[in-house]
Amino acid sequence: MTRKTINNRLDIADKNFKKLSIQVSLNGLSFCVADTVVQKLLLSDSVDFVEEKNPMLVLDELKILFQVHQLNNMEFDEVVVVHRNTLFGLVPKSLFNADHLFEYLKFNTKVLGTDVLSYDIVENHELVNVYVPYMNINNYIYELFGEFTYMHNGTVLLQSLMNNQTQNQETICYVHVSKSQLDITVLDQRKLLLYNSFLYSTKEDFAYYLLFVLEQLELDPKTASVKLFGSIEEDDPIFQLCFSYIQNISIFAPSSPQLIKLGEPETTSVDFTLINTI
């Protein structure tokens with residue numbers, strides 16, 4: 001298990017507006033606390049699991065993480081939970097019916113009869129993201145903090161990337177990289193051509209999924225613009241392998257909320273999805 005922490009003192013008595021954002025996946029956890037009035041990131045931590053865990057064990061790890069930082073004893077003005085998984089499907093808003101959530105997922109996602117389904121409206125883009133949240137996590141957060149907001153990580157990614165895609169005139173393939181999962185968003189200006197997520201174990205898996213997406217969209221690897229961001233650097237073996245196939249590939253630094261950087265590591269180490277819920 002690996003961890004990255006921003007160690008800043010969080011003053012519980014401070015009356016400024018505090019927002020807690022939590023990202024949950026079967027491969028790890030992360031959270032950040034921000035004062036959104038003075039634009040300060042107060043506290044951040046992340047934990048990567050050595051092996052994928054089931055939702056019950058993830059809840060145990062979340063409780064430990066909260067105890068370490070005493071989050072379960074704090075009060076927040078707003079709490080957001082982001083569920084990160086591949087159990088989702090996008091539906092055009094014009095065709096969406098909230099009574100048929102199971103129908104949207106049953107053909108491309110393993111949905112159990114006991115699963116509770118939910119959906120997010122992708123604001124300003126006429127899309128609905130239908131997904132499976134981790135309800136045991138939601139129940140725990142509600143017990144601690146009362147009313148809160150939850151959403152799928154794909155919703156945050158799509159809104160963040162599409163809302164900032166105003167200057168680019170070319171088709172761009174954005175790849176958000178995290179441990180064991182890559183999220184691929186292909187935009188033609190602000191028009192969404194594709195959004196999908198894949199689980200990977202090796203750099204070869206990663207390259208295969210990326211090249212497969214380019215092939216399906218008939219984008220030439222020699223000319224297609226591919227931008228990677230998240231847990232990836234140019235000296236990463238994944239990047240080096242992809243670079244051998246894709247000529248116009250680069251590390252991308254997407255815009256994020258302008259929080260004041262405090263402590264080490266800086267806010268650039270906080271997950272893109274998580275920081276964009278602030």
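The values are calculated or read from the model by the stated rules, or taken from the named source; none is laboratory data. Since the model is a prediction, treat every value here as computed from it, not as a measurement. Positions of Cβ are generated from backbone atoms using ideal geometry, with glycine treated the same way; all protein chains shown enter the neighbour counts. Accessible surface areas use protein heavy atoms only, side chains included; no ligands, DNA or RNA. Shrake-Rupley method; radii C 1.70, N 1.55, O 1.52, S 1.80 Å.
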Practice item. Six or more apart or on different chains, Cβ under 9 Å: which pairs go from a residue in segment 97-111 that's under 13 Å from N129 (Cα atoms) to one that's of a type in the set (F, W, Y) and open to solvent by 80 Å² or more (accessible area, probe 1.4 Å)? Could you list them? Key: A98/Y119; L101/Y119; Y104/Y119
Review point. Residue check: is K179 open to solvent by 50 Å² or more (accessible area, probe 1.4 Å) and either polar (S, T, N, Q) or free of Cβ contacts under 8 Å to residues at least 60 places away in the same chain (or both)?
Key: no
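Search segment 195-238 for residues being aromatic (F, W, Y) and surrounded by 19 or more Cβ atoms within 10 Å (Cβ to Cβ), and hand back the single one that is nearest to N108 (Cα to Cα).
Going through segment 195-238, the residues aromatic (F, W, Y) turn out to be 195, 198, 200, 206, 208-209, 212, 229.
Subset that is surrounded by 19 or more Cβ atoms within 10 Å (Cβ to Cβ): 195, 206.
Details: Y195: 14, F206: 20 Å.
Per the stated criteria, the residue is Y195.
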Exercise for review: For residues that are open to solvent by less than 40 Å² (accessible area, probe 1.4 Å) and out of contact with any helix residue (DSSP H, G or I) (no Cβ under 8 Å at 6 or more places or on another chain), scanning just segment 264-277, find the one that is modelled with the highest pLDDT.
Suggested key: L274
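Of all strands (runs of 3 or more DSSP E) completely enclosed by segment 169-261, which ones contain at least 3 residues that are more than 30 Å from K19 (Cβ to Cβ) and not aliphatic (A, V, I, L, M)?
Values: elements: 171-178, 181-188, 191-199, 225-230, 249-251.
Ranges flagged: none.
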Study note, to complete from the structure: Expected output for segment 214-228 (first residue within 7 Å of N248 (Cα to Cα), partner small (G, A, S), Cβ below 8 Å, 6+ apart or cross-chain) is V226/S250
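Within segment 256-263, is there a residue that is modelled with pLDDT of 90 or more and either within 19 Å of N153 (Cα to Cα) or in contact with a helix residue (DSSP H, G or I) (Cβ under 7 Å, 6 or more places away or on another chain) (or both)?
From segment 256-263, those modelled with pLDDT of 90 or more are none; that's our starting set.
For segment 256-263, residues modelled with pLDDT of 90 or more and either within 19 Å of N153 (Cα to Cα) or in contact with a helix residue (DSSP H, G or I) (Cβ under 7 Å, 6 or more places away or on another chain) (or both): absent.
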Review point. Tell me, which strands (runs of 3 or more DSSP E) lie completely within segment 52-149 with 1 or more residues that are over 26 Å from Q181 (Cα atoms), open to solvent by less than 70 Å² (accessible area, probe 1.4 Å) and not small (G, A, S)?
Key: 78-83
Exercise for review: Exactly one condition in (1) crowded, with 18+ Cβ neighbours inside 10 Å; (2) over 25 Å from S118 (Cα atoms) is not met by I184; state its number.
Suggested key: (2)
Check your understanding: Does any residue in segment 71-96 that is among the hydroxyl-bearing types (S, T, Y) come within less than 7 Å, Cβ to Cβ, of a residue that is open to solvent by 40 Å² or more (accessible area, probe 1.4 Å) and not in a loop (DSSP other than H, G, I, E, B) six or more places away or on a different chain, and which pairs are these?
Key -> T86/L199
**Study point:** Yes/no for E143 being farther than 15 Å from V24 by Cα and free of Cβ contacts under 8 Å to residues at least 12 places away in the same chain
**Key:** yes
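Listed here are the residues, each with its yes/no results for (1) modelled with pLDDT of 95 or more; (2) within 21 Å of I275 (Cα to Cα).
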| residue | (1), (2) |
| --- | --- |
| L144 | yes, no |
| M162 | no, yes |
| H176 | yes, yes |
| D183 | yes, yes |
| F206 | yes, no |
Point to revise | Test result for L210, under 28 Å from F49 (Cα atoms), out of contact with any Leu (no Cβ under 6 Å at 6 or more places or on another chain) and at pLDDT 95 or above | key: yes
Review point. In segment 115-140, what residues are hydroxyl-bearing (S, T, Y) and in contact (Cβ under 8 Å) with a residue 40 or more places away in the chain?
Key: Y131, Y134, Y140
